[in-house]
Amino acid sequence: MNRSTLSRTVLGTNALLVFVVAPAQPCSIVRPISPSEMVRSADVIVRAIAVQYAIPPANSGLFTTGVPDSVVRFNVVEVLKGETVPEEVVLHGYLTARDDFNDQKPPYTFVRPGGRSGSCFANSYRRGAEFLLMLQGSGTSFTINWYALGPVNEQLRSSDDLWLVWVRQEVKREAPRPIRRLQSAALGAIMKRRG
């Protein structure tokens, strides 16, 4: 074996070793996940039940960690944040027969297990189960794919699930208080009289 062939062989072997040894990085985030920031940034937050497919998967035996071709229909049970929220929300996803509860203590700082192996977002929903959905969008077009590795679509254990309770409190804390509006209106009236 000549020096040139040996050099290419070593280079190829090293490249292969780097490829084999390098860990896959399917998803990464720049800063820690902030549940409070998520609540503030969501356009709409609803508690909803996964009901049925609006569009079933093209291949029922194939589930992707990316954005599914199937669309799941949800019935909205409670609106925590947002105006003119429809009674029904549709999201890309899969219906399953198994639970996927978050294994952390609320407030969650990481996506449930179903979202930890690929695309940064959990995309499966147990049919008939309740989920707390933090959405971006408006009208009839919403997505959960906006806060990587965040708990944007968590399955709830009950109507008084601790994650749901925490988010309700956070939404109330973030909502503008009527007294502030009254103070601003009163200040405006005083300024008007002076002017």
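Nothing in this text is a laboratory measurement; each read-out follows from the coordinates by a stated rule. Bear in mind that the values here come from a model prediction, so they are computed numbers and not experimental data. Cβ coordinates were reconstructed from backbone atoms using ideal geometry, including for glycine residues, and neighbour counts include every protein chain displayed.
Ordering R157, R168 from the fewest to the most neighbouring beta carbons within 10 Å gives R157, R168.
Taking amide H positions as modeled 1.01 Å from N, with prolines and chain starts lacking one, the residues under 5 Å from D43 and 5 or more places away or on another chain are L135, Q136, G137.
Put in line by how crowded their Cβ is, counting other Cβ atoms within 10 Å and starting with the fewest, D43, D161 read D43, D161. Out of every Cα-Cα pair that region 49-146 contains, those further apart than 17 angstrom amount to 52 percent. Karplus-based coupling profile of region 108-121, in residue order and whole Hz: 5, 10, 7, 4, 5, x, x, x, 9, 9, x, 8, 5, 9, with θ = phi - 60° in 6.51 cos²θ - 1.76 cosθ + 1.60 and x standing for Gly or Pro. By other beta-carbon atoms within 10 Å, ranking S138, S60 with the fewest at the front produces S60, S138.
Evaluating 6.51 cos²θ - 1.76 cosθ + 1.60 at θ = phi - 60° for every residue in region 149-158, the Karplus couplings come out as 6, x, x, 8, 8, 7, 6, 9, 7, 6 Hz, glycine and proline recorded as x.
When the charge dipole of region 35-175 is built from unit charges on Cβ atoms (+1 for Lys and Arg, -1 for Asp and Glu) and taken about the Cα centre, the candidate among L164, L80, Q104 whose Cα reaches farthest toward its positive end is Q104.
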